[in-house]
Each structure stands twice: as C-alpha cells, then as structure tokens.
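What follows is calculated from the coordinates using simple rules that are stated; it is not laboratory data. Source: prediction; values computed, not measured. Because the Cβ atoms are built from the backbone with ideal geometry, glycine has one as well, and the counts that use them run over all protein chains shown.
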Amino acid sequence: MHFTLGFSPCPNDTFIFDALVNQKIDTEGYSFDVHLEDVQTLNEWARSNKLNISKISYGVLPLIQNNYSLLSSGGALGKGVGPLLISKKAITDLDMVDEMTIAVPGINTTAHLLFSMAFPNAKNKLFMVFNEIESAVLNGDVDAGVIIHENRFTYQDKGLIKLMDLGNYWEEKLNCPIPLGGIVMQNKFDQATQLKIESLIRRSVEYAFNNYPQLTDYIRCHAQEMSESVMRQHIDLYVNNYSIDLGEDGRKAVNTLLRVHKQLH
C-alpha cells in the first residue's frame, strides 16, 4: 500500500521519519511518497486535503478535522518549547506590542495561535516563512517577530532580544504542555490502517532514539547548514515521549488548544 507523506526538513521531523521512509524498520509492505515542505505549506495542503499523511501545526487542526484524524505518534509537544517574541530593542510595556508590526510564521500555525492568545489586540501582523523572520527583524522590515525551530537557538547571537516566551505564557495560563505539531491521516482510510501507520511511526521514533545521538545522513542533508549542536538541540527540544505517544496528558493538551482556538475565533 502506498501513501503520500509530508513533513518538514527540520531535524526533529527527519529524525522521527528517517527509519520509516528509508525502510530501516520493517514497513510491512507500506511505502511512502515523501514531500518535504515548510510547515505553513503543509498546513495549506492539509486544508486542501492534498496528502494522505502529514505533519501540521496544531493551530490548523480545528480547520481540517472533517478530512483528517490526529495520530498519537510523531508529533511535537512539550514544556519550554514554545515560540518566542523577539525584537531588536527592549520595550518598557508589553501593551506596545499591539501597535507594532509583528512577523508571524503563518496564519494557521500554533505560533500564531499562541501569539493571538497573549496579544489578542495586535492587528499589524505580517505572515511569512519561519526562517525569514529573524532577518526581517534584523533588517527593520518589522518591529518584532515570532520565532520557532532553530531560530530559538540563534537569535541572541544576532543581538536580538526576547520580549516574551509565548510557550511559558501558555503553560502558566493553562497548566499543560504546548501542542506544537501533530501528524494527521486522511479519514478515508479505515481505523485499522490508521492504527498501523501510527504503530509504524512509533517504531520509527523508537528506532531513532535507540541510535541517538548519532545523526544520520538523512538528517544532515536536510538540515539547512545547521551545526551538529543546533541539530541536536532541535531534536532534544522537540522530540520526546509525546512523540512516541501522546498519552493522556498530550490528548488533554490538544483538547485545550482546540478550546482556545474556539474562544479566539
């Protein structure tokens, strides 16, 4: 059986899916046509029901539930892993953010949801690909930006300043892990097939953990010139027990996010 599968080229996703898509584990006759794209593209594709299986931002999950079901394996949840609001200059009052121009990594991303929760009155948003935001702030194209992924590890080296940890804000307000990205599968596949894919992804993650901290060629070749230390920081931050299985706490966090989304919209 053959499936289309989409995830990002970021080290956390290639770490999770390497063993599956490169058949380092027994895929039991299943094969995959892989599409590596940034998360906002994957979100848009999910809204158009393009791929059989896809990584998404949890921020888009409420909009695609008619077509997709959430799998329990392969996602990213955690504590201390949320997006950061950064700027070139410190500000004296966070209320000033409402009047600033803010770069955000995609309208349907979890980062946008968390930013909207913290700053519901901010109107001057510019949506762009996540890896362009740091430069946009540095160049003065925007007043501040919401950064995710590897930019969390590099912004201070560029002289940028953290205005707020949006992940900490979520955790303090709601007392649960942050659902960042999940894996969804089209509802047209029966439950048995969905559970089999979920099991294969779980085994792929477990295989990766069993061979860590080795960085495979698959991770390296898609890592966009990151250093090994940044690759490992990326994996250490975003891949954990929730990536193996959401569990009760993870499902509670996802339900909390769905409730927040409904309140904001």
Exercise for the section: Return the whole-Å distance between the Cα centroid of segment 225-265 and the Cα centroid of segment 64-98. Expected result: 10 Å
Handout entry: Cα gyration tensor, segment 84-174 - rounded (a/c under 1.5), prolate or oblate
Key = rounded
Handout entry: 5 angstrom amide H check on G181, placed H, neighbours 5+ away
Key = Y58, A76
Practice task
Please return the longest stretch of the chain lacking exposed loop sites, where GluC sites (Glu not before Pro) count only if DSSP places them in a loop and at most 12 other Cβ atoms lie within 10 Å.
Solution key: 29-224
Exercise for the section: Considering only V239, V146, V34, give the residue with the highest GNM mean-square fluctuation for the chain, with springs between Cα atoms whenever their separation is below 10 Å. Expected result: V34
Completion exercise
Long-range amide H partners of H35, meaning residues 5 or more apart or on another chain whose placed amide H is closer than 5 Å, are L5, G6, F7
Problem - Low-density loop positions, trypsin sites (Lys or Arg not before Pro), segment 112-178 - DSSP coil, at most 12 other Cβ in 10 Å - result: K123
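For a 22 Å ceiling on Cα separation, which of these pairs sit above it: K55/K188; K50/K262; K79/K162?
Violating the 22 Å limit, Cα to Cα: K50/K262.
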Exercise for the section: Any chance you could get the radius of gyration and Dmax over the Cα atoms of the chain, in Å? Expected result: 18.0, 59
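Which percentage, to the nearest 5, of the DSSP beta bridges contained in the chain is antiparallel?
Counting DSSP beta bridges with both partners in the chain, the antiparallel share is about 60 percent.
Show me the trypsin sites (Lys or Arg not before Pro) within segment 174-265 that DSSP assigns to loop and that have at most 13 other Cβ atoms within 10 Å of their Cβ.
K188
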Handout entry: Partner aspartates and glutamates for K123 [C-alpha distance under 14 Å; skip if fewer than 8 residues away on the same chain]
Key = D95, D98, E99, D143
Practice task
Compare S31, S54, S73 in a GNM of the chain, Cα atoms joined below 10 Å, and give the one with the largest fluctuation.
Solution key: S31
